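The values are calculated or read from the model by the stated rules, or taken from the named source; none is laboratory data. Everything numeric here is computed off the predicted structure, so don't read it as measured data. Cβ coordinates were reconstructed from backbone atoms using ideal geometry, including for glycine residues, and neighbour counts include every protein chain displayed.
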Amino acid sequence: MQQIENHIGRITAKLQELLKKHAALQKQCEQQKEMIATFREKQDSNEKKIRTLEEQQYILKSAAGELNSADKKAFEQIIAKYIKEIDKCIALLSE
């Protein structure tokens with residue numbers, strides 16, 4: 001009988017240890033999810049800044065007359081995108 005109680009005690013101790021490890025891993029997982037969310041927000045912010053800086057670069061090159069054909073095409077695409085957005089806004093306002 002004593003042997004069974006010892007065995008149950010060891011199993012209980014191992015189970016408690018596993019539960020503690022599980023709780024620690026869950027906490028670590030939540031922290032990593034928060035870090036991932038933070039990094040994604042920073043990445044989105046950085047990508048937005050890059051797009052803005054590229055647009056400013058195209059504008060400056062255009063003003064200086066230094067656009068090559070690839071830059072000119074990219075700049076025209078940006079302008080076309082803005083024109084489409086403006087047209088959508090006008091259409092919504094006129095409804």
Quiz item: Just checking, which of LEU60, LEU19, LEU25, LEU67 is out of contact with any Asp or Glu (no Cβ under 6 Å at 6 or more places or on another chain), among the hydrophobic types (A, V, I, L, M, F, W, C) and outside any helix (DSSP H, G or I)?
Solution: LEU67
Self-check item: Qualifying position, being in contact with a helix residue (DSSP H, G or I) (Cβ under 7 Å, 6 or more places away or on another chain) and surrounded by 10 or more Cβ atoms within 10 Å (Cβ to Cβ), among TYR82, TYR58
Solution: TYR58
Quiz item: Would the range 74-94 turn up any residue that is outside any helix (DSSP H, G or I), at pLDDT below 95 and small (Gly, Ala, Ser)?
Solution: no
Exercise. Would you mind telling me which numbered condition in (1) at pLDDT 95 or above; (2) under 30 Å from PHE75 (Cα atoms) THR52 fails?
Key: (1)
Quiz item: Listed residues GLU95, GLU47; which is surrounded by 10 or more Cβ atoms within 10 Å (Cβ to Cβ) and not aromatic (Phe, Trp, Tyr)?
Solution: GLU47
